[in-house]
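Q: After the structure tokens below, expect a handful of questions from me.
The values are calculated or read from the model by the stated rules, or taken from the named source; none is laboratory data. Fair warning: this is a prediction, and the values are worked out from it, not measured in the lab. Every residue, glycine among them, receives a Cβ derived from its backbone with ideal geometry; neighbour counts consider all protein chains shown. With ligands, DNA and RNA removed, areas are computed over all heavy atoms of the protein, side chains included. Shrake-Rupley method; radii C 1.70, N 1.55, O 1.52, S 1.80 Å.
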Amino acid sequence: MSRMSPDLENSAGPADQAVANDYDSFAEAYAAETESNLINGYYTRPAILDLAGDVAGRRILDVGCGAGPLLAALRDRGATMTGVDSSTKMLELARQRVGDGATLLPADLRSPLPFPDGAFDDVIVCLVLHYLEDWKAPLAELRRVLAPGGRLIVADNHPFVSQRLAAPGADYFATRKWSEEFTFSGQSAELTFWHRPLHAMTDAFTAAGFRIAVISEPRPAPGARELFPDELANFPSGAFLSFLFFVLEAA
């Protein structure tokens, strides 16, 4: 649900500062900004759809569905969609988008999900896990709601990039919290993330009972370079490594 500059945990700061990750307070601005921007509209969303492939007839849970652009795209490809988000404002926007075409529920990965075991063929977790310090219980819960052989498709901050943003020169191998201020459609918002090294990610996945099928570092979608020449000027080869993508199979 986030975007990284040069995309559910709340943490209160001083009284004169915004509350980190309070998506209710900037939901409409965030939804407008990320509808067709580079990071979301031309990078993470197309990459997730490509990894998901043919989803016709599949039961899919979109965790951190936000205003529902990915949820709607998967629904339009024939999937039976359920979306959850910790932000009630985001869920309202998603309902406006999809109407009765998906099940939408409030939920947070720090608590048990309101679904029976094996309820889904796929679970999408796009730019959500980097808000969480501890992945053990959330991944176990995601594994629980997946049917045998089901897929968990994840997009998360690339640790090589987040390490430089979190604390340049600091220990790459340390799990560390960091915050950054963003502007979404003219509205300021503070987001707080957790950096973790790549091996900590993969270890957490396998410990939760997943087999890593794909690790991807995709290029932006076709047309991105023409639409966002300034933002992509530092990537002449076409590489754009702000995020990592995983396809994990329930063992």
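Q: Could you order Tyr30, Tyr172 so the one with the most accessible surface comes first? Probe is 1.4 Å. Please list the in-between numbers first.
A: On the way: Tyr30 15, Tyr172 45 Å².
The ranking, largest first, comes out as Tyr172, Tyr30.
Q: Let me know the charge dipole size of the chain about its Cα centre in debye, to the nearest 20, where only the beta-carbon of Lys, Arg (+1) and Asp, Glu (-1) is charged.
A: Numbers: 21 positive and 33 negative charges, 137 e Å.
The calculated dipole for the chain is roughly 660 debye.
Q: Further, regarding this structure: Can you give the FRET efficiency for Glu180 and Ala207, using 1/(1 + (r/R0)^6), R0 = 30 Å, r = Cβ-Cβ distance, to the nearest 0.05? Show your work: numbers first, answer last.
A: On the way: r = 29 Å, r/R0 = 0.97.
According to the calculation, E is roughly 0.55.
Q: Still on this structure: Roughly how much of Arg225 is accessible, in Å² to the nearest 10, using a 1.4 Å probe?
A: Here the accessible area works out near 100 Å².
Q: Mean 1/r over all different Cα pairs, inverted: what Kirkwood radius does the stretch 94-236 give, in Å?
A: Values: mean 1/r = 0.0564 Å⁻¹.
Answer for the stretch 94-236: a Kirkwood hydrodynamic radius of 17.7 Å.
Q: Of Tyr131, Ala155, Pro116, which is farthest along the charge dipole of the chain in the positive direction, counting Lys and Arg as +1 and Asp and Glu as -1 at C-beta?
A: Pro116
Q: A further question follows. Give me the accessible area per residue for the chain, probe 1.4 Å, as a whole number in Å². Intermediate values should be presented prior to the final figure.
A: On the way: 10830 Å² over 251 residues.
Normalised by residue count, the accessible surface of the chain is 43 Å².
Q: Let me ask you something else. Ordering Phe173, Phe210 from largest to smallest accessible area (1.4 angstrom probe), what's the sequence? Could the numbers behind the result be given before it?
A: Working: Phe173 130, Phe210 10 Å².
Accessible-area ranking of Phe173, Phe210, largest first: Phe173, Phe210.
Q: What number, rounded to the nearest 500 deg cm²/dmol, is the helix-based mean residue ellipticity at 222 nm of the chain, given -39500 (n - 2.57) per DSSP H run of at least four residues and division by all its residues?
A: -7500 deg cm²/dmol
Q: So how far apart, in nm, are the two label points at Asn234 and Ala147 if each is 7 Å from Cα heading toward Cβ?
A: Output for this residue pair reads 4.4 nm.
Q: Still on this model: At 1.4 Å probe size, with the rest of the protein present, what percent of the exposed accessible area of the chain is carbon and sulfur atoms? Walk me through the numbers on the way to the answer.
A: On the way: 5580 of 10830 Å².
Here it works out to 52 percent.
Q: Test of understanding: express the Cα radius of gyration of the stretch 182-251 as a ratio to 2.2 N^0.38 Å, with N the residue count. Mind showing how you got there, number by number?
A: Numbers: Rg = 16.4 Å, N = 70, 2.2 N^0.38 = 11.1 Å.
For the stretch 182-251, the normalised Cα radius of gyration comes out at 1.48.
Q: Also: When a/c reaches 1.5 or more, the comparison of a/b and b/c decides; with that in mind, is the stretch 135-198 rounded, prolate or oblate per its Cα gyration tensor? Walk me through the numbers before you get to the answer.
A: Details: a/c = 2.75, a/b = 1.51, b/c = 1.82.
Taking the square roots of the gyration eigenvalues as a ≥ b ≥ c, the stretch 135-198 is oblate.
Q: Per Stokes-Einstein, at 25 °C and 0.890 mPa s, what whole-number D in µm² s⁻¹ belongs to the chain, with the Kirkwood radius over Cα pairs as the hydrodynamic radius? Intermediate results must be reported in sequence, preceding the final value.
A: On the way: Rh = 18.3 Å.
Estimated via Stokes-Einstein, D reaches 134 µm²/s.
Q: Quick check on the stretch 24-166: take the gyration tensor over C-alpha atoms, sort the square-rooted eigenvalues as a ≥ b ≥ c, and tell me if it's rounded (a/c under 1.5), prolate or oblate.
A: Values: a/c = 1.28, a/b = 1.08, b/c = 1.19.
It comes out rounded by the Cα gyration axes.
Q: At 1.4 Å probe size, put Phe160, Phe246 in order of accessible surface, largest to smallest.
A: Putting Phe160, Phe246 in descending order of accessible area: Phe160, Phe246.
Q: So how strong a dipole does the stretch 168-251 carry about its Cα centre when Lys and Arg Cβ are +1 and Asp and Glu Cβ are -1, to the nearest 20 debye? Write out the running numbers ahead of the final one.
A: Numbers: 6 positive and 10 negative charges, 55 e Å.
Dipole about the Cα centre, nearest 20: 260 debye.
Q: Could you compute the FRET efficiency for Leu227 and Val161, with r as their C-beta to C-beta distance and R0 at 22 Å, rounded to 0.05? Walk me through the numbers before you get to the answer.
A: On the way: r = 22 Å, r/R0 = 0.98.
Calculated transfer efficiency: 0.55.
Q: Between Leu232, Pro168, Thr44, whose Cα lies farthest towards the positive end of the dipole of the chain when Lys and Arg beta carbons carry +1 and Asp and Glu beta carbons carry -1, centred on the Cα centre?
A: Thr44
Q: Which cross-chain or sequence-distant (5 or more) residues have an amide H under 5 Å from the amide H of Ala102, H modelled 1.01 Å from N in plane?
A: When sequence neighbours closer than 5 places are left aside, there are no close amide H contacts.
Q: Which shape class applies to the stretch 78-133: rounded if a/c is under 1.5, otherwise prolate when a/b exceeds b/c and oblate if not, where a ≥ b ≥ c are the square roots of the Cα gyration tensor eigenvalues? Mind showing how you got there, number by number?
A: Working: a/c = 1.69, a/b = 1.16, b/c = 1.45.
Here the stretch 78-133 falls in the oblate category.
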